[in-house]
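Accompanying notes for the structure given below.
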Amino acid sequence: MPSFSKKSLRRLSTCHPDLQRLFRAVVPMVDCTILDGYRGKTRQNKLFDQGKSKVRFPEGKHNDKPSNAIDVAPWPVPDWKDLNTFYFFSGVVKGIAIALEIKIRWGGDWDGDNDLHDQTFNDLVHFERVEE
Ligand SMILES: [Zn+2]
């Protein structure tokens, strides 16, 4: 059964307990790797400057402590153009989140309407907690 590497577990530990619970349930189903959890100021602003994030520190959900956002990719990480693999993975994540009653937003469907064609900015590895 797939499980997280030490590096993934270290990144996962910087995230909100709900995100930890969610991805601990996902990894045995579909192997995956945690790319990012909490981000400090230097890293967040660097990603902003590179156009990989839309917000500067401390505006991002990755900048909350614990982090309310997490970047996760299927493992082995597919070619970034292999959208099907990311879409399949996000479907698994979403299904498990519903089963665990954890509300999330995915960067491949920001408005959460299950329409993947009305996106202006795709961040297919990004999942964030929706606070009520
Ligand atoms: Zn992210």
Residue hits (region 53-85; out of contact with any Phe, Trp or Tyr (no Cβ under 8 Å at 6 or more places or on another chain) and more than 24 Å from residue 20 (Cβ to Cβ)) are 79, 80, 81, 82, 83, 84
task: Could you tell me whether residue 36 is away from the ligand (no atom under 12 Å from the Cβ) and among the acidic types (Asp, Glu)?
output: no
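Please determine, by comparing only the residues of region 101-124 that are more than 10 Å from residue 69 (Cα to Cα) and within 11 Å of the ligand (Cβ to nearest atom), which one is surrounded by the most Cβ atoms within 10 Å (Cβ to Cβ). Let's see the steps before the verdict.
Of region 101-124, the ones more than 10 Å from residue 69 (Cα to Cα) are 101-103, 107-124.
Those left that are additionally within 11 Å of the ligand (Cβ to nearest atom): 107, 123-124.
Working: 107: 18, 123: 17, 124: 22.
Looking at residues that are more than 10 Å from residue 69 (Cα to Cα) and within 11 Å of the ligand (Cβ to nearest atom), I get 124.
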Among residues of region 100-132 being in contact (Cβ under 8 Å) with a residue 60 or more places away in the chain and touching a helix residue (DSSP H, G or I) at 6+ places or on another chain (Cβ under 9 Å), the residue nearest to residue 32 (Cα to Cα) is 125
Taking region 45-55 and keeping residues within 10 Å of the ligand (Cβ to nearest atom) and farther than 17 Å from residue 120 by Cα leaves 47
By residue number, the members of region 6-60 that are among the β-branched types (Val, Ile, Thr), without any contact (Cβ under 8 Å) to a residue 60 or more places away in the chain and assigned to a loop (DSSP other than H, G, I, E, B) are 14, 27, 55
Only one of 76, 58, 2 is of a type outside the set (Lys, Arg), surrounded by fewer than 16 Cβ atoms within 10 Å (Cβ to Cβ), within 19 Å of residue 131 (Cβ to Cβ) and away from the ligand (no atom under 13 Å from the Cβ), namely 58
Scanning region 22-55 for residues that are among the aromatic types (Phe, Trp, Tyr) and closer than 22 Å to residue 8 by Cβ, the one surrounded by the most Cβ atoms within 10 Å (Cβ to Cβ) turns out to be 23
| said: For the structure I just gave you, tell me whether residue 90 is crowded, with 17+ Cβ neighbours inside 10 Å, within 12 Å of the ligand (Cβ to nearest atom) and hydroxyl-bearing (Ser, Thr, Tyr). | reply: no
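Read-outs throughout are calculated quantities, based only on the coordinates presented, and are distinct from any laboratory measurement. Predicted model only: the values in this text are computed from it and were never measured. Note: ideal-geometry Cβ built from the backbone for every residue, glycine included; neighbour counts use all protein chains shown.
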